[in-house]
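Report on one structure; see the data block that follows.
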Amino acid sequence: MGAEGWCLLLCLAFSGTANVAERQWQAVDVVLDCFLVEEGGHHGGFASSENMVKAVLVLRQVPVPDDGSLEGLTDFQVDTLTKDNPLITFEASVNLVQIPQAEALLHADCSGKEVTCEISRYFLQPRPEATVETAVWFITNVQVSGGGPGVSMVMKTLEDAENEAVLHPTLKLPLSPQGTVRTAVEFQVTTQTPSLNFLLGSTASLHCGYSVAPGLDVTSVEWRLQHKGSGQLVYHWTMGQGQAKREGATLEPGQLLTAGDASLTLPSLTLQDEGAYICQITTSLFRAQQVIQLDIQASPKVRLSLLNAAPQATLICNVAGYYPLDVSVTWTREEQGGSPAPVSGASLSNLRRSPAGTYSISSSLTVEPGSAGATYTCQVTHVSLEEPLGAHAWVAPPVAEQKSALGVLLASILFVLTLLFLGLQRRQATSPMSPKTSRHSG
């Protein structure tokens, strides 16, 4: 049974259990399908070599929260794996460090997420004293899709008690009786959020944590920003002294030394803060890193205005202060008692950019409100908005149509008055005159 079958049994175990109110901890085996880079070595990050073979990593007895779904789960049987599929299998003890993201790794397959796992040779930091090392080190970089956590683990091979152990044909390393390469994790660097989105002007917290074996001390922490081919130092901590190269950047030394928390806080975000942040942690022997992508967003402001220019009215929809660049502007028209209907024929202005780096654009539409008028809506869609943003304007009928209707009304009134006047004059002209009285003198 391979790692894929093991995950299937694990998912079935999860689906058949009831929820438990109080979560407890249980040690389980976490099995990952990986690729082994056979040539070259590096100090962290994913290798670029194409010479990779399939491998399996078994993290032995990792403590994870248990809500009752892990009851009855058995340990991973390596001998079954090696008989069915002769993959290179690494067994890794985690007794010396903490693996805080083990739960996400354990449940990834059941949650429909993919886990990328890559193992490669690792070379120690140069040391002034001359030492002879018989052990070999490997670094494992694990990434969970869909915004899941990332983990980098440095593993040291363990000597087998048997002097005549069988060597692996390609790695030339002693194998356990079960045919596995036995290792112990001595250092790990992790992030909960490899990708983040924050609004312009807000405060961002970039998570980076670590765990190191007893006897090893953290000597330095470095945060760097990579963006559009250029890099710059953001924050540097060494031997108890921190120095911020970016104004306002902070790292809590107390949390760094006691809780293994090297998270970086960036207040008052600007567009210059966008990019890939590299959290690199160095000990007396090891160096590993995590990369966090920080994207900055700014929500657009929409303003709708009407220009009463002859011969037809024009609506101007001004969309200002948004970032990133992609934005969609659409129009609808609604008559009284009707339904909104899409309107075409709008034109866009040239793109404008502010000193702060945000974008602005205008959409203009020549309107035809008809004799009764109509309501026009400018609707804006942008990645920073949870739902489209709209602005509305009621457009009255054209002035010419209003004057024409008024002229007809006045002409009708004048015609009626003229008829009344002429009728009155005619009536007076045809009426008989009254007789006059004669006087006689006596």
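Taking the stretch 169-221 as the range and being more than 19 Å from Val234 (Cα to Cα) and surrounded by fewer than 15 Cβ atoms within 10 Å (Cβ to Cβ) as the test, the residues that pass are Pro169, Thr170, Lys172, Pro177, Gln178, Leu199, Pro214, Gly215, Asp217.
In the stretch 1-97, counting only strands (runs of 3 or more DSSP E) that sit wholly within it, the ones holding 1 or more residues that are within 29 Å of Arg287 (Cα to Cα) and modelled with pLDDT under 55 span 24-41.
For the criterion of being open to solvent by 80 Å² or more (accessible area, probe 1.4 Å), at pLDDT 85 or above and in the same structural domain as Pro63 (by the TED database), Glu164 fails. Looking across the stretch 222-240, the residues that are open to solvent by 50 Å² or more (accessible area, probe 1.4 Å) and among the charged types (D, E, K, R) come down to Arg224, Lys228. Looking for something part of a helix (DSSP H, G or I), crowded, with 19+ Cβ neighbours inside 10 Å and under 25 Å from the mean Cα position of the chain (by Cα) - is there at least one such residue anywhere in the stretch 268-283? The answer is yes; a qualifying residue exists. Among the residues of the stretch 241-262, none qualifies, meaning not one is of a type in the set (Val, Ile, Thr) and buried (at least 17 other Cβ atoms within 10 Å of the Cβ). Any residue that is over 26 Å from Gly321 (Cβ atoms), in contact (Cβ under 8 Å) with a residue 40 or more places away in the chain, assigned to a strand (DSSP E or B) and not acidic (Asp, Glu) - is there at least one of those in the stretch 246-253? The answer is no; no qualifying residue exists. In the stretch 330-378, the qualifying residues are those that are closer than 15 Å to Val319 by Cα, surrounded by 14 or more Cβ atoms within 10 Å (Cβ to Cβ) and not hydroxyl-bearing (Ser, Thr, Tyr), and the one that is farthest from the chain's Cα centre (by Cα) is Leu365. Please determine whether any residue of the stretch 100-117 is at pLDDT below 85, in contact with a helix residue (DSSP H, G or I) (Cβ under 6 Å, 6 or more places away or on another chain) and either in a strand (DSSP E or B) or open to solvent by 30 Å² or more (accessible area, probe 1.4 Å) (or both). Yes: one or more hits. If you take the residues in the stretch 358-387 that are of a type in the set (Ser, Thr, Tyr) and touching a residue at least 60 places away in the same chain (Cβ under 8 Å), which one is farthest from Thr330 (Cα to Cα)? Here the answer is Thr358.
Tell me whether the stretch 298-307 contains one or more residues that are in contact (Cβ under 8 Å) with a residue 24 or more places away in the chain, basic (Lys, Arg), buried (at least 17 other Cβ atoms within 10 Å of the Cβ) and not in a loop (DSSP other than H, G, I, E, B). No: zero hits.
The values are calculated or read from the model by the stated rules, or taken from the named source; none is laboratory data. Since the model is a prediction, treat every value here as computed from it, not as a measurement. Heads up, the Cβs are rebuilt from the backbone with ideal geometry, glycines too, and the neighbour counts pull from every protein chain shown. With ligands, DNA and RNA removed, areas are computed over all heavy atoms of the protein, side chains included. Shrake-Rupley method; radii C 1.70, N 1.55, O 1.52, S 1.80 Å.
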